[in-house]
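Note sheet for the following structure.
The values are calculated or read from the model by the stated rules, or taken from the named source; none is laboratory data. Given the structure is predicted, the values throughout are model-derived calculations rather than measurements. Quick reminder, even Gly has a Cβ in these numbers, built from the backbone with ideal geometry, and neighbours come from all protein chains shown.
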Amino acid sequence: MNDSSGSSSDWAEQPGLVVMKFGGTSVEDAYAIRRLVRIVRSRLNFRVVVVVSALAKVTDELLRLGHAAETREGFETAVTELQQRHERVASDLVPCGEGALLRFEIASEFAQLRSLLAEITSAGHLSAQMQDRLLGLGECLSSRLVTAALRHQGVGADLIDSRSCFVTDDRHTQASPLWSETNHRLRQALHPVLNQRRVPVLGGFLGATKVGVPTTLGRGGSDLSATIVGAALRACRVEIWTDVDGVMSADPNLCPDARLIPRMSFDEAGEMAHFGAKVLHPATLVPAAKENIPVYVLNSRNPDIEGTEIVANCNGGTSVRAVTAKRSIAAVEIASASNNDSDFLEDICTALDRHHCRVELMSCSHGKVSLLVSSTDTLAGVAAELQNRASVRWENHKALICLIGENIRRKPEIASRVFAAVSDIDVRVVCQSASDRTISFLVDESRAVEAVQRLHGLFFPSRKQPVSVPTSHSLCQAGEAWL
C-alpha cells in the first residue's frame, strides 16, 4: 500500500514546498486573479499549495444576506447581483467555450445559497451552524475561480475541498482544528497532487466536524488555514499575499511616516496582533512557530517588494518595532461585596466566559479586578449575573496604546522616554502584561492619534524623504477580523 502521509524518502527529496495564501483583495476580480496566476508561476520551481479567501467583501455580503433572510427582508436582488459578479469574473478568466463547466459550478453554488437562505427564513433565525454553511460559500466560489484560472493559463491545478481536510470541533463560527486528524487528512489529500507536480487549491477559513458538519475557523481563519497546511506538509515557507507591502511600524492612516518592518519575530507579531494591529492573528502563527516555518507578508499588487519576514528569532533592528492603538476599549472595575470571597475570581471568569466577553487585559488586587474589554455589549449581562456578589462599573471610549519590541520592558530608559512624551495626556492606566515585549497604557480615545504620532516620531524620527502612504489599510491597523 502506498504511504500517502508523506513519510517516504521520495517526499523528502522533492523540491521545497511553499504555501501561498491570497486574501480577498488579491482575488477581488479577474485582473487580480490573473496577477495571482503570474505570482504562482514565479514559484513553480517549488511545490506549491494555494489557499484563497473569498472575493473582497463577499463574506460581509453573505452575512448581510443571512440577516436579511432571518428578518424576512427581500434578498433575491442582492443574490442575483452577487452571482452576476462571480459570473463576470469567470467569463473574464475563461472563454465561454472552456468556461461552461465553471459557470455550471457557480450556478450550483448559488442554488445552494438560495436554498440555505430559504431555510434561514423558514427558521426565522440565523444559527451559528447555518452561518458557517453560509459564509463558507464565499471560499467555495473563489477557489473554483482560481483553479479554473490556473488551468486556463497552463498551470496544472486541482481543487481540494477544505471541508474534507480540516477537521474541527463543533464550536461553530470559531471552530478549532483537531490537529492529528487534520494533519492526516491534509497529507492524504495533498501529497498525491503535489507528487504529480500539480498545484492544490483550497478555500481558506473552512472546515467540518468529524461527522461532516461544515464549520469555519473564525477570526484569521484563512491565514490559519495556510499555516496549518504549511505545518502539516513541512513547508519551507508560508506566504500571506495581501494588498500592502508588509507589516508597518504604525497605522499609516495615523502616521504618514510609518515604515515597513523587514523582519520580526513570531512573538513580536503576536503581540502586535493582540494589542490592536491588523496583522496576522496570534493563532495564525502558532502552527508555523511550532514547526519553525518562516511566514512572509507580501503585496500581490507589488510583488517585487520583499515584504516582512516573520521568524522564530529576530535580534536586529530597533528596540521599538511598532506603536499600535486599539480603540473602542472599555475600562471595567469589578469590586467584591465581600473581601473574604475566595471564589470571587472564579465567578468573574465564569460570567465573562458565559457572556462571551472578550478580555484584553486583567489585573487583580484584594477584592477588586480591573479589566480592559473590546466591547461593552455583554457587560450588562455580566453585571446582572454578578449583582449579588460584586459591583461592576465601566468607562467607555478609551484607547489602548502599545509599544512593541523585544525586551523593551527591561530597558527603563524606553519607558522613561515614553511617559515623558505623553506627560500632558491623561494616562489613566499603565497596563501590565506577562510579556517583556510590551509597554502599554490607556488614554481617552480622542487622544489616541496624538499619542501614537508622538511616540512614533520619538522612536522613528522622520526621514528627509517623505514616506509614501499606502492607499489601502495597513496591516498595523486595528479593525475587522481577517477572513
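Of the candidates 126, 63, 135, the single residue that is closer than 30 Å to residue 187 by Cβ and among the hydrophobic types (A, V, I, L, M, F, W, C) is 135. Got at least one residue in region 328-344 being in contact with a strand residue (DSSP E or B) (Cβ under 6 Å, 6 or more places away or on another chain) and in a helix (DSSP H, G or I)? Scanning region 328-344 turns up at least one residue that is in contact with a strand residue (DSSP E or B) (Cβ under 6 Å, 6 or more places away or on another chain) and in a helix (DSSP H, G or I). If we scan region 149-156, do we find a residue that is closer than 23 Å to residue 40 by Cβ, touching a Lys or Arg at 6+ places or on another chain (Cβ under 6 Å), exposed (fewer than 14 other Cβ atoms within 10 Å of the Cβ) and modelled with pLDDT of 95 or more? Looking for residues that are closer than 23 Å to residue 40 by Cβ, touching a Lys or Arg at 6+ places or on another chain (Cβ under 6 Å), exposed (fewer than 14 other Cβ atoms within 10 Å of the Cβ) and modelled with pLDDT of 95 or more, one finds at least one in region 149-156, hence yes.
When you check residue 349 against the structure, is it without any contact (Cβ under 8 Å) to a residue 40 or more places away in the chain, part of a strand (DSSP E or B), surrounded by fewer than 16 Cβ atoms within 10 Å (Cβ to Cβ) and of a type outside the set (D, E, K, R), yes or no? In short, no.
Of all residues in region 391-420, which are β-branched (Val, Ile, Thr) and in a helix (DSSP H, G or I)?
Quick first cut of region 391-420, residues β-branched (Val, Ile, Thr) only: 392, 401, 404, 408, 414, 418.
408, 414, 418 - these are the residues of region 391-420 that are β-branched (Val, Ile, Thr) and in a helix (DSSP H, G or I).
Look at (1) at pLDDT below 85; (2) buried (at least 22 other Cβ atoms within 10 Å of the Cβ) and you find that residue 282 fails only one, number (2). Across region 157-184, the qualifying residues are those that are of a type outside the set (Val, Ile, Thr) and over 21 Å from the mean Cα position of the chain (by Cα), and the one among them that is surrounded by the fewest Cβ atoms within 10 Å (Cβ to Cβ) is 180. Consider region 43-93 and keep the residues that are assigned to a helix (DSSP H, G or I) and β-branched (Val, Ile, Thr). The one that is farthest from residue 161 (Cα to Cα) is 77. Of the strands (runs of 3 or more DSSP E) contained entirely in region 164-218, those carrying at least 1 residues that are under 19 Å from residue 233 (Cα atoms) and not hydrophobic (A, V, I, L, M, F, W, C) fall at 199-203, 206-208.
Candidates are the residues of region 322-346 that are more than 22 Å from residue 396 (Cβ to Cβ) and at pLDDT 90 or above; the one that is surrounded by the fewest Cβ atoms within 10 Å (Cβ to Cβ) is 322. Right, residue 269: crowded, with 22+ Cβ neighbours inside 10 Å and modelled with pLDDT of 95 or more or not? Judged against the criteria, residue 269 is not a match. Quick one: is residue 275 farther than 30 Å from residue 453 by Cα and either acidic (Asp, Glu) or crowded, with 24+ Cβ neighbours inside 10 Å (or both)? Spelling it out, it is not the case that residue 275 is farther than 30 Å from residue 453 by Cα and either acidic (Asp, Glu) or crowded, with 24+ Cβ neighbours inside 10 Å (or both).
Among the residues in region 364-371, are any touching a residue at least 60 places away in the same chain (Cβ under 8 Å) and under 14 Å from residue 442 (Cα atoms)? No, because not a single residue in region 364-371 is touching a residue at least 60 places away in the same chain (Cβ under 8 Å) and under 14 Å from residue 442 (Cα atoms).
From the set of residues in region 125-138 that are of a type outside the set (A, V, I, L, M) and touching a helix residue (DSSP H, G or I) at 6+ places or on another chain (Cβ under 7 Å), which is surrounded by the most Cβ atoms within 10 Å (Cβ to Cβ)? Going through the qualifying residues, I end up with 138. Listed by first and then second residue, the pairs linking a residue in region 376-394 that is without any contact (Cβ under 8 Å) to a residue 12 or more places away in the chain to a residue that is aliphatic (A, V, I, L, M), with Cβ atoms under 7 Å apart and 6 or more places separating them unless they lie on different chains, are 383/392.
The set of residues from region 388-413 being buried (at least 17 other Cβ atoms within 10 Å of the Cβ), of a type outside the set (Lys, Arg) and under 18 Å from residue 325 (Cα atoms) comprises 399, 400, 401, 402, 403, 404, 405, 408.
Just give me the residues in region 360-389 being hydrophobic (A, V, I, L, M, F, W, C) and more than 28 Å from the chain's Cα centre (by Cα), in sequence order.
Once the filter is applied, which keeps residues that are hydrophobic (A, V, I, L, M, F, W, C) and more than 28 Å from the chain's Cα centre (by Cα), region 360-389 yields 364, 369, 380, 383, 384, 386.
Once region 352-387 is narrowed to residues that are part of a strand (DSSP E or B) and of a type in the set (A, V, I, L, M), the residue that is farthest from residue 327 (Cα to Cα) is 369.
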